[in-house]
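Colleague: Following this message is one structure expressed as structure tokens.
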């Protein structure tokens, strides 16, 4: 009986696995930091919820103002698109001449459309709106003139000045002052929204920075050991940066939910108010592109807050050679 152990066969074509490349190690480290930072956030639900909630409110306030201004600008754009210049003709203007004037004005390049409203139509509308049928029936003559309702296609102010030169024009009504004031308020509101966004964004950055700072303080002994072992600042900083990014992304999602919920709560009373004025105006919500931009901005703010705090801490605690 042969007690000699069998000699293992050698496969010349098989090679031992070599060391991983630097890129592979770098990806592994990022993947580990990505998952471990999410785990740390989940293991502290109360602290995570408070941080995300405060940041979400800071994001939702300027975002809501931005959306409100966008809806006002949309409404103002509709109003300006339907702007009109009213030309009241002299009372002695014959109907044939009023019709000829309407055709003449309609042929201008800066006019989109012209509607001729006869004195009879104007009186009928006044009767319907005023309810003074008895007083109107007591009149011997129709006191209302013919009216041209002109919708400009270009500069309405220049068109109004040109229509004032018509010999048959008695009064030209063109209320452009209120639109200029509205534009001024919208410009101010837009600037205010950007200022608030900057202030609340700074506040969110400080919130996530303070939260990450507390996490760093709870792990300072672990960080000190890693520094003594020669770990780079990037290796130590990476999990905290991903933690800040998670905070920012969660706050962005919650801010979008808050704004969408506010829009749903306001939609019904706004629709009822618009219908009472005979308007079909409806709130415009966030489209996917703008919602994605909000999420990216929130993630960047969380990332920057964590990066700033960890960088400051590591610069103070990095051991020096003696």
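Colleague: Hey, among 202, 196, which residue is within 30 Å of residue 288 (Cα to Cα), at pLDDT 85 or above, in the same structural domain as residue 295 (by TED's automatic domain parsing) and crowded, with 16+ Cβ neighbours inside 10 Å?
Modeller: On inspection, the qualifying residue turns out to be 196.
Colleague: Which of the residues that make up the stretch 162-193 are touching a strand residue (DSSP E or B) at 6+ places or on another chain (Cβ under 7 Å) and either at pLDDT below 80 or loosely packed, with under 11 Cβ neighbours inside 10 Å (or both)?
Modeller: 173, 174
Colleague: Please determine, by comparing only the residues of the stretch 112-137 that are at pLDDT 80 or above and touching a helix residue (DSSP H, G or I) at 6+ places or on another chain (Cβ under 6 Å), which one is farthest from residue 151 (Cα to Cα).
Modeller: So, considering only residues that are at pLDDT 80 or above and touching a helix residue (DSSP H, G or I) at 6+ places or on another chain (Cβ under 6 Å), the one farthest from residue 151 (Cα to Cα) is 116.
Colleague: Can you name the number of the only condition in (1) loosely packed, with under 15 Cβ neighbours inside 10 Å; (2) at pLDDT 75 or above that residue 58 fails?
Modeller: Going through the list (1) loosely packed, with under 15 Cβ neighbours inside 10 Å; (2) at pLDDT 75 or above, residue 58 breaks only (1).
Colleague: Please go through the stretch 143-161 and pick out each residue that is surrounded by fewer than 16 Cβ atoms within 10 Å (Cβ to Cβ) and either under 45 Å from the mean Cα position of the chain (by Cα) or closer than 11 Å to residue 110 by Cα (or both).
Modeller: Selection gives 149, 153, 154, 155, 157, 158, 161.
Colleague: Restricting attention to the stretch 97-105, does a residue exist that is at pLDDT below 85 and either exposed (fewer than 15 other Cβ atoms within 10 Å of the Cβ) or in the same structural domain as residue 286 (by TED's automatic domain parsing) (or both)?
Modeller: no
The values are calculated or read from the model by the stated rules, or taken from the named source; none is laboratory data. Computed from a predicted structure; not experimentally measured. Glycine gets a Cβ as well: all are built from the backbone with ideal geometry, and neighbour counts include every protein chain shown.
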